[in-house]
Every structure is written in C-alpha cells, then in structure tokens.
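The values are calculated or read from the model by the stated rules, or taken from the named source; none is laboratory data. Note that the structure is predicted; figures quoted are calculated from it, not measured. Quick reminder, even Gly has a Cβ in these numbers, built from the backbone with ideal geometry, and neighbours come from all protein chains shown. Note: accessible area is taken over every heavy atom of the protein model, side chains too, but ligands, DNA and RNA are not part of it. Shrake-Rupley method; radii C 1.70, N 1.55, O 1.52, S 1.80 Å.
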Amino acid sequence: MDNSPLNTIEIDKSRILELKKNLHSSGLNALGEEVFHGEDSDWILFTIRSMYFRMDIEVMVQTPFPSKNTLIDTLFEGDTHNEVAGAALLLIHLESTMKMDFRELVMDRLESIKVRQINKKTLIRWELITYTLEMDNPLNRRETLRKSYQEITEDSEYFSNISTRTHSLIKKLKFRRKFRFLMFK
C-alpha cells in the first residue's frame, strides 16, 4: 500500500470493507478508534457525525496521520472527492481528539480566492471544504471544562469570527448549498 498523504484517507464504504478484510483488527485504542494491523502499516477506523451530510461517516486512515499542513494541502489540491472529503473529516477528528487547530489556516486559503479566476470545479471543491468542515457553524467546538470564563469567551469569539468570514465568502461566491459538491471529481 502506498503511504503518500493523498492515498491514505478512505471514506468509500466498499474500499473500507476491502481493507478490513485484508487487515487484522486489534481492537480499540484509548480514543475508541478501531485499530487494524497490516504488513506495512496500521490503519485507524473512526466515525464522524456530519451535520451537512446528515449521517455518520466512516473514515479509515493509514498511520501515521498526515500532518496538518499536508491535510490542508490535500483539501485544496486533492484529485478526488474521497481525498478532499477524507482530509476534511480527518481534520475534524483531529480537532476533537488532539485539539488540532486548523480553521484559521483553511479560512485564509479560502479567502485568498480571486472571484474572477474561479471555475466550476474550484467552486464545487470550496463548497465541499466549507460545508464538510462546518466552517459556517459558529458553535464552540472546544472543551469548556476547567476553563475560565475569558477562555470560553475567546473560543466562542474565534468560532463566531470564522463563521462570519465563511458567510461572507458564501455570499461572495454564491454557494448554493445544494450538495453539488457530491459530484466533485
């Protein structure tokens, strides 16, 4: 199996079933993720609850996980829907489990667009990124236990700011939120 960052993420159900058949399950890790062992590498299977897909999505990723920058690059340069959506779902997973902060970096890249230079494929990709990462949702996604009121307020303002910037981008690019991105190829 190729360990390049663009080939590690699998969200296709048939591919996940194939991988599970060819790998040995070793149970759950400390985060409740299912771990599979192969000849060359280990794989982690986890489920993401997606508000925009309105379902739970299984994602299987080869370890070690790609870096944050590699995942963000995959969002903007991945060749297939599977790569882009998988990278987005892995970022969400790493945000919740490892407290990896990525939203500001993704937002900066999204905002760097020149409206006159955008084509349909880029627009569909950006819809996929925006909605899969739930960039327009102002809810605080960070732990609140053992935090001061000021820290909670700062976290809330951070997500609110990202949401406001995303809504501005959606308006500027006229996203339709009709899941056209499912046709991304």
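Annotations
- Helices (runs of 4 or more DSSP H) enclosed by the stretch 41-155 - at least 1 residues per element that are open to solvent by less than 10 Å² (accessible area, probe 1.4 Å) and of a type in the set (F, W, Y): 120-132
- The C-beta contact set for the stretch 86-100 (first residue in contact (Cβ under 8 Å) with a residue 60 or more places away in the chain and of a type in the set (V, I, T), second residue in a loop (DSSP other than H, G, I, E, B) and surrounded by fewer than 24 Cβ atoms within 10 Å (Cβ to Cβ), distance under 8 angstrom, 6+ apart or interchain) comprises T97/L31.
- Single unsatisfied condition, T63 versus (1) of a type in the set (S, T, N, Q); (2) under 13 Å from the mean Cα position of the chain (by Cα); (3) closer than 25 Å to G32 by Cβ: (2)
- Members of the stretch 156-178 that are exposed (fewer than 13 other Cβ atoms within 10 Å of the Cβ) and modelled with pLDDT of 95 or more: E157, T164
- Restricting the stretch 26-64 to residues that are without any contact (Cβ under 8 Å) to a residue 40 or more places away in the chain and of a type in the set (G, A, S), the residue that is nearest to N82 (Cα to Cα) is G38.
- Counting the residues of the stretch 110-134 that are out of contact with any helix residue (DSSP H, G or I) (no Cβ under 8 Å at 6 or more places or on another chain) and at pLDDT below 85 gives 7.
- Criterion violated by H37 - all others in (1) open to solvent by 30 Å² or more (accessible area, probe 1.4 Å); (2) under 30 Å from D136 (Cβ atoms); (3) at pLDDT 90 or above satisfied: (2)
- Matching option when the condition is over 12 Å from the mean Cα position of the chain (by Cα) and more than 30 Å from S14 (Cα to Cα), among R109, R54, R103: R109
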